[in-house]
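What follows is a set of notes on a single structure, which appears directly below.
The values are calculated or read from the model by the stated rules, or taken from the named source; none is laboratory data. Note that this is a predicted model, so its numbers are computed, not measured. In this analysis, Cβ positions are derived from the backbone assuming ideal geometry, glycine residues included, and neighbour counts consider all displayed protein chains.
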C-alpha cells in the first residue's frame, strides 16, 4: 500500500509490519504485512477479537517491542535502526501510555505516581510535583493528591494513570483497553476525560478497545481480523 500524505501530516506510519511468536510448528503469526498511518491530531480506535494482535500492534508502535519485518516511523523518525537507548529516549519524549491495569506504585501517593516519570527524567522534586499537581487538577483529582492507590476507586486510579501518561508532554497517547476494568459509568467518565484531553493537549491518540460505542466516537476505526489481509479502516474521518 502506498501513502500519498507527507510525513508532516502523520504522527505514525507503519508499513509491512510483521510479528509472530514461537518457532517452527508452534509459531503463530500475530501481525503480518500490516500497513497503517495515523494522522497528526487524529483519535484512532483499534478494535477486533481477542488474540488478533491489538496489544501487539500497540507495543510495536510504542517501541516496547520490535517487529520482525516492516517499518515503524514515529513523528517523522525512522525507528527500526535505533538502538535501545535511542528508542527509549524517543519513547520517553514522544509517547504516553495508558494500560488496562493502572500499574500505579502502591507505595506512592497519587501526586508522586504522576511525578515519577518526571523525576526519572531528572527533573527536580518541586517542579515535578508542581507539574503533577497541575495534571491531577486536569483529571479532576486535585483533592486526592495525597491518597494512595488502595484509597482510590478503580476509575480514580485510571485517571491518575492518564495524568501520569501526560507527565512528559507526549505527542502520541497509546491506550490499551483503558476502560476494560471499569463499570459502564466509570468507563464513560474516563473516555470523556481522554477525549477532552486529546483535544485540549493536541494529542494524537490510538485507543485499543472492545467497546464499539466508544470506538465510534473516535475519528476513525481500524479493525483487526485474524488474517493480515483483513486489516482495514472501516470508517474514515
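So how many residues does the range 22-39 have that are surrounded by 18 or more Cβ atoms within 10 Å (Cβ to Cβ), at pLDDT 90 or above and more than 20 Å from residue 212 (Cβ to Cβ)? Talk me through it step by step, then tell me what you get.
Going residue by residue through the range 22-39, those that are surrounded by 18 or more Cβ atoms within 10 Å (Cβ to Cβ) are 30-32, 34, 36-38.
Adding the requirement that they be at pLDDT 90 or above leaves 34, 36-38.
Restricting the remaining residues to those that are more than 20 Å from residue 212 (Cβ to Cβ) gives 34, 37.
Summing the residues that are surrounded by 18 or more Cβ atoms within 10 Å (Cβ to Cβ), at pLDDT 90 or above and more than 20 Å from residue 212 (Cβ to Cβ) in the range 22-39 gives 2.
Hey, can you tell me all the residues within the range 76-107 that are surrounded by 20 or more Cβ atoms within 10 Å (Cβ to Cβ) and part of a loop (DSSP other than H, G, I, E, B)?
Within the range 76-107, 102, 104 qualify.
Identify, please: which residue in the range 40-51 is touching a helix residue (DSSP H, G or I) at 6+ places or on another chain (Cβ under 8 Å) and within 14 Å of residue 172 (Cα to Cα) and is, among those, surrounded by the most Cβ atoms within 10 Å (Cβ to Cβ)?
The selected residue is 45.
Which of (1) touching a helix residue (DSSP H, G or I) at 6+ places or on another chain (Cβ under 6 Å); (2) modelled with pLDDT of 95 or more; (3) closer than 20 Å to residue 62 by Cβ does residue 175 not meet, given it meets every other one?
Evaluating residue 175 over (1) touching a helix residue (DSSP H, G or I) at 6+ places or on another chain (Cβ under 6 Å); (2) modelled with pLDDT of 95 or more; (3) closer than 20 Å to residue 62 by Cβ leaves (1) as the failure.
As an exercise: evaluate residue 54 against (1) on the phi < 0 side of the Ramachandran plot; (2) at pLDDT below 95; (3) surrounded by fewer than 21 Cβ atoms within 10 Å (Cβ to Cβ); (4) under 16 Å from the mean Cα position of the chain (by Cα) and give the number of the one condition it does not meet.
Single failed check for residue 54: (3).
Specify the residue that is surrounded by the most Cβ atoms within 10 Å (Cβ to Cβ); the eligible residues are those in the range 121-135 that are assigned to a helix (DSSP H, G or I) and under 20 Å from the mean Cα position of the chain (by Cα).
We begin by selecting, within the range 121-135, every residue assigned to a helix (DSSP H, G or I); these are 125-135.
If we keep only those that are under 20 Å from the mean Cα position of the chain (by Cα) too, we end up with 132, 135.
Numbers: 132: 26, 135: 23.
Going through the qualifying residues, I end up with 132.
Restricting attention to the range 60-75, does a residue exist that is at pLDDT 95 or above and closer than 23 Å to residue 191 by Cα?
yes
Could you list all residues from the range 64-75 that are assigned to a strand (DSSP E or B) and over 25 Å from residue 32 (Cβ atoms)? Walk me through how you get there before you give the answer.
We begin by selecting, within the range 64-75, every residue assigned to a strand (DSSP E or B); these are 69-74.
Result: no residue meets the conditions.
For residue 11, only one of the following conditions fails: (1) part of a loop (DSSP other than H, G, I, E, B); (2) modelled with pLDDT of 95 or more; (3) in contact with a strand residue (DSSP E or B) (Cβ under 6 Å, 6 or more places away or on another chain). What is its number?
In the conditions (1) part of a loop (DSSP other than H, G, I, E, B); (2) modelled with pLDDT of 95 or more; (3) in contact with a strand residue (DSSP E or B) (Cβ under 6 Å, 6 or more places away or on another chain), residue 11 misses (1) alone.
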